[in-house]
Amino acid sequence: MKNIILTAAVASAALVSCGTVQSLVQNTFPYTANVLISTGVPADKEVSSTATASNVQTWFGGNNNAKIKDVRISDAKVSVVSPSGGNLSAFKSIKVYISSSGTGERLVASRTNISTDASSLTLDLENSGFLDEVVKSTGVTVRTVYELKNQTSSDMNLRIALNFSSIPAN
């Protein structure tokens, strides 16, 4: 009986330590950007808005991105953050591109045929390759291309939240 309990305790400790090591090895970090949708934006026409993205490393003045590799998009959300509230029902489609100084622009997320009254929406990921070059550069820029079903009756602020995953570089 003691051997069974001891074996179970050792197995549990091994599983917990493997999970801890995996979470330390797997690095996830967010970037956010804000987009203003003005009342004058026409319906049924693609419109583009560009903003500089920020992450927690830029808030504290550091850049540890050189210590990572195999960067991929892991999650992308768009949320209405207007003080007056609002929802995403006015949107027909949203596409999110990222770039940085010296790198080409890459599509990372999109959604078409939006039919929700929710104030936030998870976008479909375009995870066709690694984004190391973009994320390791300074000044990540997010370009949001959107199309409205109809004009909005008031200005709307959107927050684009992009989460990336990576592994440590040796």
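The orientation-averaged projected area of the convex hull spanned by the Cα atoms of region 27-168 comes to 8.4 nm². Along the axis of the charge dipole computed for region 27-168 (Cβ charges of +1 for Lys and Arg, -1 for Asp and Glu, origin at the Cα centre), the listed residues LEU88, SER120, SER38 are led at the positive end by SER120. When only the Cβ of Lys, Arg, Asp and Glu is charged (+1, +1, -1, -1), the dipole of region 27-168 relative to its Cα centre reaches about 160 debye. Pairs from the list LYS45/LYS67; LYS95/LYS136; LYS69/LYS149; LYS77/LYS149; LYS45/LYS77; LYS67/LYS95 with a Cα-Cα gap above 31 Å: LYS45/LYS67; LYS69/LYS149.
Readers should treat all values here as calculations from the given coordinates under stated rules, not as data from a laboratory. What you see is a predicted model; the values in this text were computed from it and never measured. Neighbour counts are summed over all protein chains in view; Cβ atoms, including those assigned to glycine, are modelled from backbone coordinates with ideal geometry.
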